[in-house]
Amino acid sequence: MEDLKLVVAVIQDKDAVNLLQLMAEEGFRATKLSSTGGFLREGNTTLLIGCEADSVERVLDLIRENCRPRERTVTAQSPPSGMLDSYAPFPLEVSVGGATVFVLDVEKCVQI
Ligand code: 2BA
């Protein structure tokens, strides 16, 4: 019996087009969801990739090769409570991505 996995990959929008194209060329199927990061509240992309267990490493390699980390500078917009008078917003540098990936077992996949 097939051993199916679901790869859930949160990646940056800028990396999605290339990655989807390369995955399609290798016969992987994917669903692209528009998502929003909880911390930065910026758009990102979540891919759902259903594949056989022995293809997961190849999918991870494609993600590694196509998703690169980028630095983002964010500035806190609102002061912490109790600091209204003395608070000065300061920039904070965060490294976003390459990708955050979850690999889940799939109990059943049905196409109707
Ligand atoms: P965001 O939640 O918008 O996070 C963007 C980046 O901000 C993170 O990059 C990380 O560098 C930083 N960051 C996030 N939470 C933080 C915190 N509490 N304190 C300080 N810095 C923080 P990545 O770790 O590469 O995450 C990129 C995106 O992947 C996230 O966007 C989120 O959409 C997703 N993600 C990351 N970890 C996740 C998890 N455990 N569960 C679900 N989604 C996750």
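Spin-label pair residue 52-residue 34: with each label point 7 Å from Cα along the Cα-Cβ axis, the two points sit 3.6 nm from one another. Under a Cβ-Cβ cut-off of 13 Å, what is the net charge of the residues other than residue 63 that fall near it, where Lys and Arg count +1 and Asp and Glu count -1? Counting the neighbours of residue 63, the net charge comes to -2. Other residues whose C-beta falls under 15 angstrom from the C-beta of residue 95 contribute a net charge of 0, scoring Lys and Arg +1 and Asp and Glu -1. Residue-normalised convex hull volume from the C-alpha trace of the chain: 130 Å³ per residue.
Only DSSP H runs of four or more residues enter the estimate; each adds -39500 (n - 2.57), and after division by the residues of the chain the mean residue ellipticity at 222 nm equals -6500 deg cm²/dmol. In terms of overall dimensions, the stretch 1-51 has a Cα radius of gyration and Dmax of 12.2, 42 angstrom.
Here the 3J(HN,Hα) profile of the stretch 25-35, calculated from phi with Karplus coefficients 6.51, -1.76 and 1.60 at θ = phi - 60°, is 4, 9, x, 8, 9, 8, 10, 9, 10, 7, 10 Hz, Gly and Pro shown as x.
Only the coordinates and a few stated rules stand behind these numbers; no lab work does. Everything numeric here is computed off the predicted structure, so don't read it as measured data. Positions of Cβ are backbone-derived with ideal geometry, glycine not excepted, and every protein chain shown enters the neighbour counts.
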